[in-house]
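Report on the following structure.
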């Protein structure tokens, strides 16, 4: 039973355009969400997070939006750069455990 | 400051064998969590250790076990390996277990034949 879902396994975006990565969750009790970025042969690195008391959090080119009623969050990257090509995982915090989605592979091409 | 290190980086085993993976957290970190990453399931939480005690556990069979030493280094053991145990095993460390401050190691890729 996948409580955190990333329904798009891959996404291809042109450099300079916006990348939008989506994530859905099933448990309305989740109140803290995180995005991690993973390059091949490396562990995931923390990117940005959002608490359920907010609906938006911005950090440079990265913005995370949370829609609690839809149980949906999204990560926007603008402008996208080739170095952003990686696998992105969203995660929800559930009683001191992180529950991850299956990941979306983002490819940014020139 | 050195990052999280995991050894070995790659491992090939056969069904029925057992394996032990090691994780050295960032100096000063007392919490170590283990995750299994597979293509279809993403990252799944195995367990978390804090001050030598297992504090949280995911939904994995008893063949998966772990421990933490007094220097916060952690080991993960999988007994009676199955083909489906082939995965990337990641450990992450943090000061107190606050997940937003977790730092991941590069992982150990296990292949079970």
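Averaged over the residues of peptide B:104-112, the number of Cβ atoms from other protein chains lying within 10 Å of each residue's Cβ is 2.
Look at the stretch B:42-54: the mean tally of other chain Cβ atoms within 10 Å of its residues' Cβ atoms is 3. Between residue B:5 and residue B:96, the modelled label-to-label distance comes to 2.9 nm, taking each label 7 Å out from Cα in the direction of the beta carbon.
Taking the Cβ of each residue in A:97, A:56 as the centre, tally the other Cβ atoms inside 10 Å and list the residues starting with the fewest.
So the ranking, lowest neighbour count to highest, is A:56, A:97.
Extension gain for residue B:63-residue B:113 works out to 16.3 nm (0.36 nm per residue, less the C-alpha to C-alpha distance).
Once every Cα of chain A carries one equal point scatterer and solvent is ignored, give the base-10 log of I(q)/I(0) from the Debye formula at q = 0.10, 0.19 Å⁻¹, two decimals. The Cα Debye sum returns log10 ratios of -0.25, -0.92. Among B:41-50, B:56-65, the peptide with the highest mean count of other Cβ atoms within 10 Å heads the list, and the full ranking is B:41-50, B:56-65. For the pair residue B:83/residue B:13, report the inter-label distance in nm, with labels modelled 7 Å from Cα in the Cβ direction. About 1.7 nm separates the two model spin labels. Counting beta carbons within 10 Å around each of B:72, A:28 and listing the fewest first gives the order A:28, B:72. Packing-based ranking of B:20-26, A:16-22 yields B:20-26, A:16-22, ordered from highest to lowest mean Cβ neighbour count within 10 Å. For the peptide B:65-78, the mean number of other protein chain Cβ atoms found within 10 angstrom of a residue's Cβ is 0.
The relative contact order of chain A, computed from alpha carbon pairs under 8 Å that lie at least 6 residues apart in sequence, is 37 percent. Fully extending the segment from residue A:58 to residue A:74 would add 4.6 nm, taking 0.36 nm per residue of separation and subtracting the current Cα-Cα distance. Across chain B, Cα-Cα pairs more than 26 Å apart make up 12 percent of the total.
Normalised by the residues of the stretch B:1-81, what does the relative contact order come to in percent, with Cα pairs under 8 Å and at least six apart? Across the stretch B:1-81, relative contact order equals 32 percent.
Rule-based calculations on the coordinates, nothing more; no lab input. Since we're looking at a predicted model, the values are computed, not measured. When we count neighbours, we look across all protein chains shown, and the Cβ atoms used for this are built from the backbone with ideal geometry, even at glycine.
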